[in-house]
Amino acid sequence: MDKMPKWADVVLIPLISLILAALLSALVILGIGEDPVAAVKLMVNGALGSTYGWGYTLYYATNFMFTGLAVAVAAHAGLFNIGGEGQAMLGGLGVALVCLLIPWPHWTLALAFAALGAGIFGAAWAAIPAYLQAKRGSHIVITTIMFNFIAAAVLNYVLVNVLRPEGSMDPATERFPQAVHLPSLHELLAPIGINFSKSAPANVSLLVAMGACLFVWLLIWRTPLGYEIRSLGKSEPGARYAGISSVRTVMIAMLISGALAGMMAVNNVMGEAERLVLNATEGAGFIGIAVALMGRNHPFGVFLAAILFGFLYQGGAELALWTSIPRELIVVIQALVILFTGALDNMVRMPLEKIFLAVRRGQN
Amino acid sequence: MTAPAIELKGISKAFGPVQANKDISIRVAPGTIHGIIGENGAGKSTLMSILYGFYKADKGEVFINGKKTEIPDSQAAIAAGIGMVFQHFKLVENFTVLENIVLGAEDSGMLMPSLRRARKELKALEEEYELYVDPDARIDEIGVGAQQRVEILKALYRKAEILILDEPTGVLTPSEADQLFRILDRLRAEGKTIILITHKLREVMEYTDTVSVMRRGQMTATVKTSETSPEHLAELMVGRKVLLRVDKVPAQPGAPILEIENLRVVDEAGVERLKGINLTVRAGEIVGIAGVAGNGQSELLEVLGGMRPGTGSIKLHGTPLPLSGAGSDAKARRGAGIGHVPEDRQREGLIMDFHAWENVAFGYHRDAAYQNGVLMNNAALQADTEAKMEKFDVRPSDPWLAAKNFSGGNQQKIVVAREIERNPDLLLVGQPTRGVDIGAIEFIHQQIVALRDQGKAILLVSVELEEILSLSDRVAVMFDGMIMGERPADQTDEKELGLLMAGVAGEAA
């Protein structure tokens with residue numbers, strides 16, 4: 001007997017968590033002598049009040065969809081992939097190589113192969129921790145964290161020593177050629193008469209991310225491979241009984257997870273910066289954990305949670321820009337949301353379950 | 001008339017919409033053994049948990065020796081003179097017997113005086129009740145029977161006058177069980193009151209003075225044991241007439257299906273679990289493996305089912321099957337025609353969070369009938385599930401219900417349906433009726449016999465000797481990774497098998 005109806009689990013709990021986080025954030029803002037209502041207004045206006053705001057919100061959301069999906073796929077196999085950050089960094093390297101080394105005739109072709117390159121590089125970066133987990137039992141949490149640091153060091157080395165253009169002081173690649181420029185939402189929407197902000201970074205990668213959501217949904221719930229991934233994640237002895245190879249399944253799940261994290265680079269490296277810079281991922285790999293937690297590892301949940309976190313990112317940036325609320329406090333607010341929606345799930349869940357049980361008993 | 005040692009009046013307890021106990025009243029006279037029987041989920045454990053202070057009853061009163069007593073927690077239960085021996089022992093494995101007995105009942109901040117006093121009292125208790133255990137042995141070094149005696153000593157050390165035992169013989173050999181009941185007899189003679197929770201009718205008939213039957217949260221009857229019969233009790237438990245013996249015609253064994261030669265298994269810790277097993281299972285016969293849990297039966301099923309590697313040789317229809325490396329996994333075994341009802345359905349046989357229809361594909365999820373291009377054909381799978389639920393009378397027959405929300409018996413029916421409906425040449429069956437209610441046991445046994453009568457081979461592992469004897473055509477007894485002997489099921493009895501199970505070799509069969 002389930003304790004709560006499903007809608008309460010997927011809608012009510014995140015909503016209550018969110019409200020609690022917002023209330024606490026309001027207290028914090030009050031505490032430093034600012035007006036929380038004005039702050040919320042500013043965030044909503046800044047993130048959702050204009051196509052410019054939406055453009056940024058959706059740009060961040062695109063990043064978070066990829067990294068959130070990466071965490072979700074691994075989680076279905078019972079693996080906690082904290083290495084999205086490093087996998088996304090390496091994905092950026094894949095994108096940069098594809099864009100710089102090959103003269104592409106058209107952006108569509110470039111996009112397909114850049115996504116492939118990003119995926120392969122991200123997957124390769126996840127492959128080593130996956131192998132160590134599957135064959136040697138090294139805990140994937142530890143190894144993927146370590147690999148984030150190694151990825152940062154590798155990227156640093158490659159950018160400074162290999163890909164930096166002659167004479168430049170900036171540890172970054174040269175600009176990608178104009179032919180691989182991805183259409184922004186402005187360019188995509190203009191032909192159908194919608195005037196989207198020109199300077200916002202959201203681009204065609206958003207559609208790729210939405211496609212990835214659909215792909216993950218099909219993979220996890222509609223294919224035999226997804227069935228095996230979920231079985232292994234729920235019960236290892238069960239998987240052995242059913243003849244599901246845990247080594248093979250762990251490897252495949254992690255490769256898909258790494259590839260998804262890597263593909264984020266199509267958005268931030270190819271779509272926005274149009275060159276590879278240091279720290280291009282800006283922590284999106286870690287936000288992916290919160291996004292997956294809040295989205296209950298379901299692609300649709302990840303989609304919604306990614307947009308919410310995109311809103312928080314963009315709204316937060318606006319707050320920092322227009323008020324005297326310091327940048328650090330914005331991080332605090334974001335952290336509160338992650339804390340309540342992700343880590344403190346049970347704090348809301350348990351009382352809510354009790355209420356539902358009591359209501360049901362009252363009816364009988 | 002003296003006051004009853006325990007009297008419950010109108011105890012009710014609900015978990016959400018589930019009424020686990022409904023208006024239960026019993027009186028247990030002091031110095032008697034009172035049995036409580038009922039199917040799984042009938043509410044026996046809930047009732048005892050209320051008595052021991054784990055749950056609080058919604059309604060009702062508890063009287064101990066005629067005095068109304070509140071039992072908010074287990075401390076209060078101990079203070080009221082109630083001791084409990086759980087099905088799964090609550091002992092610290094790397095502590096000694098003495099330390100375990102004192103644990104939680106220390107006299108002071110310093111341990112030594114308590115241990116000294118306990119050692120003295122323990123000696124007195126041992127002599128009084130013939131409860132012998134070495135006080136300085138570590139728990140993980142002594143056998144299950146001795147561990148159980150430690151649990152009883154723990155209760156007596158805490159001055160228990162009322163002793164509750166929950167399924168005490170589940171893990172014991174027949175001789176250990178006999179010893180336990182001698183101890184209980186002795187305790188009764190000293191005036192202690194004993195409540196025995198069990199689903200074994202034989203134990204209730206043999207050792208109790210009075211017996212209460214529970215069904216669906218209610219106490220359906222309390223009778224004097226001398227005035228009832230197993231058939232009557234079973235009927236009270238299930239609510240209809242039940243066939244206790246398995247109804248089957250003599251086996252007609254045919255050609256060998258499974259031939260095992262010198263099969264060895266070394267586990268992850270490097271311990272040899274199977275030490276050269278030789279066994280043949282023929283078409284149209286059920287071979288039962290008897291033995292106390294942990295003597296290699298699990299490993300035998302696992303290696304045959306492709307869940308762990310081994311050495312030696314196994315042949316199916318004369319064709320050797322690999323025992324390690326490629327082609328030795330469970331998928332390959334299924335492909336070869338081996339079905340497997342695993343010992344632990346909740347850990348292995350089912351994914352508890354999956355819907356029933358997803359579980360019906362478990363192990364066969366790559367089967368062509370369930371595919372639709374690269375995707376799974378969920379509609380076909382759901383239709384298949386409905387058909388199997390109908391045929392095996394799974395209740396509720398809702399393919400969308402998660403496995404964890406079915407009762408133990410219905411979970412097992414899902415597993416059995418999945419494996420038998422594949423029409424395997426060899427069916428491995430582990431503990432088919434563990435935690436399964438009597439009504440479902442009858443049904444599952446019938447299905448296994450029906451498969452045998454179609455000329456299939458069945459290898460059965462069970463710790464329930466009664467089940468082995470009534471279901472098998474031939475019995476092999478395992479002890480310490482070896483087969484101690486084989487007997488035709490109709491030419492042996494529990495006593496002979498019990499000796500073999502304890503490692504006393506009989507003459508070669």
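For residue B:169, no residue has an amide H sitting under 5 Å from its own, ignoring neighbours fewer than 5 places away on the same chain, with H placed 1.01 Å from N. Take every DSSP beta bridge whose two residues both sit in region B:313-450; close to 60 percent of them are antiparallel. Taken over the Cα atoms of the protein assembly as shown, the convex hull encloses 221 Å³ per residue. Take the accessible area of B alone and of A alone, subtract that of the pair with a 1.4 Å probe, and the total buried over both chains is about 2500 Å². The GluC sites (Glu not before Pro) of region B:1-76 that meet both conditions, a loop assignment by DSSP and at most 12 other Cβ atoms within 10 Å of the site Cβ, are B:70.
Under 5 Å from the amide H of residue B:91 lies no amide H of any residue 5 or more positions distant or on a separate chain, with H modelled from the backbone and absent for Pro and chain starts. Projected label points at residue B:223 and residue A:360, each 7 Å from Cα along the beta carbon direction, are separated by 3.6 nanometres. For residue B:179, what charge total do you get from the other residues with a beta carbon under 13 Å from its beta carbon, if Lys and Arg give +1 and Asp and Glu give -1? Net charge in that neighbourhood comes out at -1.
In this structure, the amide hydrogen of residue B:484, modeled 1.01 Å from its nitrogen in the peptide plane, lies closer than 5 angstrom to those of B:477, B:478, B:479, counting only residues at least 5 positions away or on a different chain.
Taking a ≥ b ≥ c as the square roots of the eigenvalues of the Cα gyration tensor of region A:63-305, is the shape rounded (a/c under 1.5), prolate (a/b larger than b/c) or oblate?
Judged from the Cα gyration tensor, region A:63-305 comes out oblate (a/c at least 1.5, b/c at or above a/b).
Could you check how many percent of all C-alpha pairs in region B:6-238 are farther apart than 34 Å? Tail fraction, whole percent: 14. Placing B:275, B:241 in order of accessible area, with the largest value first and a 1.4 Å probe, yields B:241, B:275. Computed in the context of the full set of protein chains, the accessible area of region B:6-238 at 1.4 Å probe radius has 50% of its extent on carbon or sulfur. Phi-derived couplings, Karplus 6.51 cos²θ - 1.76 cosθ + 1.60 at θ = phi - 60°, listed residue by residue for region A:161-178: 9, 10, 9, 5, x, 3, x, 8, 9, 8, x, 8, 6, 6, 5, 5, x, 4 Hz, with x used for Gly and Pro.
One chain, two ends: residue B:319 and residue B:73. Fully extended at 0.36 nm per residue, the span grows by 82.5 nm beyond their Cα-Cα distance. Antiparallel beta bridges, as assigned by DSSP with both residues in the protein assembly as shown, represent about 55 percent of the total such bridges.
Applying both filters, DSSP loop and at most 16 other Cβ atoms within 10 Å, to the GluC sites (Glu not before Pro) of region B:257-307 gives B:268. Across region A:82-87, coupling constants 3J(HN,Hα) worked out from phi with the 6.51/-1.76/1.60 Karplus curve, θ = phi - 60°, read 8, x, x, 4, x, 5 Hz, and Gly and Pro carry x. Sequentially through region B:140-149, phi angles give Karplus couplings (6.51, -1.76, 1.60; θ = phi - 60°) of 6, 9, 9, x, 5, x, 5, 4, 5, 5 Hz, Gly and Pro residues having no value and appearing as x.
If you filter region B:350-453 for chymotrypsin sites (Phe, Trp or Tyr not before Pro), then keep DSSP loop positions with at most 16 other Cβ within 10 Å, what is left?
Values: sites: B:354, B:357, B:362, B:364, B:370, B:392, B:400, B:406, B:443; in loops: B:354, B:362, B:364, B:392, B:400, B:406.
For chymotrypsin sites (Phe, Trp or Tyr not before Pro) across region B:350-453 that sit outside H, G, I, E and B with at most 16 neighbouring Cβ atoms in 10 Å, the list reads B:400.
Legend: calculated FRET efficiency, residue B:470 to residue B:110, from the Cβ-Cβ distance at R0 = 60 Å, rounded to 0.05, equals 0.60. Placing a label point 7 Å from the Cα of residue B:353 along the Cα-to-Cβ direction, the residues of region B:399-437 whose backbone N falls under 13 Å from that point are B:403-404.
Note on residue B:23 and residue B:141: the model spin-label points, each 7 Å out from Cα along the C-beta direction, lie 5.6 nm apart. Surface calculation, 1.4 Å probe, protein heavy atoms: residue A:194 sits at approximately 80 Å² accessible. Near residue B:385: Cβ cut-off under 15 Å, other residues only, Lys/Arg at +1 and Asp/Glu at -1. The net charge is -3. Of the listed residues A:9, B:178, the order by accessible area with a 1.4 Å probe, largest first, is B:178, A:9. Hey, any idea what % of region B:284-408's accessible area is carbon plus sulfur with a 1.4 Å probe? Here carbon and sulfur together make up 52 percent of the probe-accessible area.
How high is the FRET efficiency from residue B:206 to residue B:127, r the C-beta distance, R0 25 Å, rounded to 0.05?
Result of the calculation: an efficiency of 0.40.
With the highest mean first, a sort of the peptides A:82-90, A:341-349 on other beta-carbon atoms found within 10 angstrom per residue produces A:82-90, A:341-349.
The values are calculated or read from the model by the stated rules, or taken from the named source; none is laboratory data. Not measured: the values here are computed from a predicted model. Here Cβ is always computed from backbone atoms with ideal geometry, including for glycine, and neighbour counts include all displayed protein chains. Side chains included, ligands, DNA and RNA excluded: accessible areas come from the protein's heavy atoms. Shrake-Rupley method; radii C 1.70, N 1.55, O 1.52, S 1.80 Å.
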